[in-house]
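See below for the structure under consideration.
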């Protein structure tokens, strides 16, 4: 690959945006109390006693966390502590005590992300394998940290982890397709784009398995309430006060909640394919979610994504194989988004229950998604290239 090392962007050759080494299951011994509280948290949350437990979180010094893996494990636990405390009962708490807020902010700052539960913690660093010799795939995955526990909750996370693993070959192939486009090698470009389309197909097949063990009713009423953020959330009209965080000066802050749109996979592939969406609230929202990604993943989208004009190369030369392969990517991207739209309707829109903390009008990230997802879906289809004609 010409001048691009995936590792420079924290992209693993085999697992993509997932860490190449399995996430830590425990922190160094001086942080063992956090691990113990994490293990107890689901039992307390089930009984509506989460805040009783979380008021006793020791405000440990985070400077002794030395490796990225340790920081990510701490970020996972503190994010669950934070969201567990806020959403233990309805209505949510609007002030997070300093014993959780201060270390959470410190760890988040070192990782380059806001102190809120994000996709990076909820999925990337929240899995392990039953059998380390077998692939990262459904059936061999376990979840490290829960809110309430149960198969529906775990399956929701594990499906996303499986999607990320399935995306890895497509990320590699797309960078190679860029190299081929820059070199004017249309045969290799077509071959690599077909690899990308195949990877998108595997991602969709993983997504297709969501209903197997995650029931829409259970997801909406049990799982989803812990994922909301404090931005565009009527339960937090002014935001959340992070008690004791000097940088915030006692003023409330608002951050978007956890959502699959914080994954870098689709934004990178769309950028590399030259897919551009019209200005609308969803597009603005999607761009804002890059602030919740690991910084190097964001750089992968913004630096590597546009480094070659693949769409322009296909349009200029119109090699039949390259046109066909490009359109296969567009079709696969459309199919993946279409399935996501279907599940958004099934798991959120159609459930219909409304409360200040679990609205069906907006996603967990805080945007009115249904209308704009359909518009973006139509726009993807419009990027298909007709052989022999300029769109």
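The values are calculated or read from the model by the stated rules, or taken from the named source; none is laboratory data. Since this is a predicted model, take the numbers as computed values, not measurements. For neighbour counting, all protein chains shown are included, and Cβ atoms are generated from backbone atoms with ideal geometry for every residue, glycine included.
Residue check: residue 280 meets all listed conditions (1) surrounded by fewer than 19 Cβ atoms within 10 Å (Cβ to Cβ); (2) in contact with a helix residue (DSSP H, G or I) (Cβ under 6 Å, 6 or more places away or on another chain); (3) modelled with pLDDT of 95 or more but one, namely (3). Residues in region 140-161 that are part of a helix (DSSP H, G or I) and touching a strand residue (DSSP E or B) at 6+ places or on another chain (Cβ under 7 Å): 154, 157, 158, 161. Failed condition for residue 72, given (1) buried (at least 24 other Cβ atoms within 10 Å of the Cβ); (2) out of contact with any strand residue (DSSP E or B) (no Cβ under 6 Å at 6 or more places or on another chain); (3) assigned to a helix (DSSP H, G or I), with all others met? Here residue 72 clears every test but (1). Among the residues examined, residue 28 qualifies as surrounded by fewer than 20 Cβ atoms within 10 Å (Cβ to Cβ) and farther than 30 Å from residue 174 by Cα. Residue 1 meets each of the listed conditions (1) at pLDDT 95 or above; (2) more than 20 Å from the chain's Cα centre (by Cα) apart from (1). Would you confirm whether or not region 112-120 contains a residue that is in a helix (DSSP H, G or I), out of contact with any strand residue (DSSP E or B) (no Cβ under 9 Å at 6 or more places or on another chain), farther than 22 Å from residue 11 by Cβ and at pLDDT 95 or above? The answer is no, given that none of the residues of region 112-120 is in a helix (DSSP H, G or I), out of contact with any strand residue (DSSP E or B) (no Cβ under 9 Å at 6 or more places or on another chain), farther than 22 Å from residue 11 by Cβ and at pLDDT 95 or above. Which members of region 40-52 meet the condition of being part of a helix (DSSP H, G or I) and within 13 Å of residue 89 (Cβ to Cβ)? Selection gives 44, 45, 46, 50, 51, 52.
Per the conditions (1) more than 19 Å from residue 338 (Cα to Cα); (2) under 20 Å from the mean Cα position of the chain (by Cα); (3) not in a loop (DSSP other than H, G, I, E, B), the sole criterion not satisfied by residue 261 is (1). Of the residues 169, 135, the single one that is within 20 Å of residue 263 (Cβ to Cβ) and more than 20 Å from the chain's Cα centre (by Cα) is 135. Looking only at region 85-97, decide whether some residue is touching a helix residue (DSSP H, G or I) at 6+ places or on another chain (Cβ under 6 Å), without any contact (Cβ under 8 Å) to a residue 40 or more places away in the chain and not in a loop (DSSP other than H, G, I, E, B). There is at least one residue in region 85-97 that is touching a helix residue (DSSP H, G or I) at 6+ places or on another chain (Cβ under 6 Å), without any contact (Cβ under 8 Å) to a residue 40 or more places away in the chain and not in a loop (DSSP other than H, G, I, E, B).
To keep it simple, each residue is scored yes or no on (1) at pLDDT below 95; (2) closer than 27 Å to residue 73 by Cα.
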site: 145; (1), (2): no, yes
site: 154; (1), (2): no, yes
site: 166; (1), (2): no, yes
site: 173; (1), (2): no, no
site: 184; (1), (2): no, no
site: 192; (1), (2): no, no
site: 203; (1), (2): no, yes
site: 216; (1), (2): yes, no
site: 223; (1), (2): yes, yes
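Scanning region 225-258 for residues that are crowded, with 21+ Cβ neighbours inside 10 Å, in contact with a strand residue (DSSP E or B) (Cβ under 6 Å, 6 or more places away or on another chain) and either on the phi > 0 side of the Ramachandran plot or in a loop (DSSP other than H, G, I, E, B) (or both) yields a total of 1.
No other residue among 97, 92 is at pLDDT below 95, surrounded by 14 or more Cβ atoms within 10 Å (Cβ to Cβ) and over 25 Å from residue 142 (Cα atoms) apart from 92.
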